[in-house]
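The values are calculated or read from the model by the stated rules, or taken from the named source; none is laboratory data. Worth saying up front: this structure is predicted, and the values here are computed from it rather than measured. When we count neighbours, we look across all protein chains shown, and the Cβ atoms used for this are built from the backbone with ideal geometry, even at glycine. Accessible surface is based on the protein model in full, side chains and every heavy atom, while ligands, DNA and RNA are left aside. Shrake-Rupley method; radii C 1.70, N 1.55, O 1.52, S 1.80 Å.
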Amino acid sequence: MTPLFPFLALDKIALQLGPFAIHWYAIFIVAGAAIAVLLACREAKRKKKADGQPILVDDVIDFVLLAFPLGLVGVRAYYVAFQWSYYRQHPSQIIALWDGGGAIYGGLIAGALVLFVFCYYRMIHPLDLLDITVPGVILAQAMGRWGNFVNQEAYGKIVSQLNGLPDFIKQQMFIDGHYRVPTFLYESIGDFIGFLIIMIFRHQISALKRGEIFAFYLVWYGSVRFIVEGMRTDSLMLGPARVSQWLSLILILVGITLVVFRRVKKYE
């Protein structure tokens with residue numbers, strides 16, 4: 001079997017400037033982060049700090065300047081840790097995130113640690129900052145999956161054909177002589193739908209309590225990731241299940257617990 005349109009194959013490198021290469025993966029990640037920052041800055045003025053002062057745009061930018069690079073470290077470190085048998089033999093590739101090989105859960109864990117420390121020193125309630133940032137985060141995740149598309153990773157099982165999809169997706173999902181299920185696309189669409197729901201909720205429903213936008217994100221993203229991860233063939237494994245599926249279940253449980261505390265227990 002050969003692909004229908006070989007000239008449509010995508011190169012990982014978007015632009016070559018002498019010895020420096022700009023990868024599509026990096027472009028999608030940076031573009032997603034920039035949009036996430038803009039969305040968070042627009043929303044910051046609706047929240048207040050513990051001293052009654054509004055959360056400033058500078059607070060959001062300072063947080064991002066800390067969380068974004070450390071989040072990328074977490075993305076790569078998480079992946080390398082679960083693939084250590086390979087990377088200990090190839091230590092020069094440990095930092096090569098631009099070539100693919102990352103786990104978004106590593107970034108979320110690193111970002112959460114930065115968030116709690118940052119909020120403590122800036123006197124911001126962590127749930128307020130999370131409510132501000134997660135809409136942009138889930139949109140950035142939807143965009144970032146297209147970096148996986150270019151790198152031909154985060155795919156599913158072998159199929160004979162891919163009906164109903166654009167030719168450029170079919171071409172890029174022709175991997176090692178076979179068409180693959182584009183699980184990157186399913187997760188990207190799921191994340192984007194979650195983003196739209198969040199935007200409707202936070203602008204149309206005034207009865208939302210602190211942290212409930214964040215809780216919805218946990219449940220929605222956890223559910224999408226759990227389903228999509230079950231379709232993938234390149235996942236990191238932990239026992240009988242995929243690592244990301246275990247973590248997805250944790251996210252869902254945390255999100256549900258947060259809503260219960262806010263609604264039933266009147267937790268503040």
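Residue count for the stretch 232-268 satisfying the condition of being closer than 24 Å to A154 by Cα, assigned to a helix (DSSP H, G or I) and open to solvent by 60 Å² or more (accessible area, probe 1.4 Å): 3. Filtering the stretch 129-166 to residues that are charged (D, E, K, R) and either closer than 27 Å to A14 by Cα or surrounded by 21 or more Cβ atoms within 10 Å (Cβ to Cβ) (or both) leaves D131, R145, E153.
Residues are listed down the side, and each one gets a yes or a no for (1) among the aromatic types (F, W, Y); (2) assigned to a helix (DSSP H, G or I):
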residue	(1), (2)
L15	no, no
I27	no, yes
A33	no, yes
A36	no, yes
F68	yes, yes
V73	no, yes
Y79	yes, yes
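Within the stretch 109-128, which residues are surrounded by fewer than 19 Cβ atoms within 10 Å (Cβ to Cβ), touching a helix residue (DSSP H, G or I) at 6+ places or on another chain (Cβ under 9 Å) and in contact (Cβ under 8 Å) with a residue 60 or more places away in the chain? Those that are surrounded by fewer than 19 Cβ atoms within 10 Å (Cβ to Cβ), touching a helix residue (DSSP H, G or I) at 6+ places or on another chain (Cβ under 9 Å) and in contact (Cβ under 8 Å) with a residue 60 or more places away in the chain: R122, H125.
Among the residues of the stretch 40-66, just one is buried (at least 19 other Cβ atoms within 10 Å of the Cβ) and either of a type in the set (S, T, Y) or assigned to a loop (DSSP other than H, G, I, E, B) (or both), namely I55. As for the stretch 208-231, it holds no residue that is at pLDDT below 90 and open to solvent by less than 50 Å² (accessible area, probe 1.4 Å).
Scanning the stretch 73-96 for residues being in contact (Cβ under 8 Å) with a residue 40 or more places away in the chain, surrounded by fewer than 19 Cβ atoms within 10 Å (Cβ to Cβ) and either among the aromatic types (F, W, Y) or touching a helix residue (DSSP H, G or I) at 6+ places or on another chain (Cβ under 9 Å) (or both) gives a total of 1.
For the stretch 44-78, a residue qualifies if it is of a type in the set (K, R) and under 23 Å from I213 (Cβ atoms), and the qualifying residues are K45, R46, K47, K48, K49. Of the residues making up the stretch 186-213, those that are under 29 Å from G156 (Cα atoms), of a type outside the set (D, E) and in contact (Cβ under 8 Å) with a residue 24 or more places away in the chain are Y186, S188, I189, G190, F192, G194, F195, I198.
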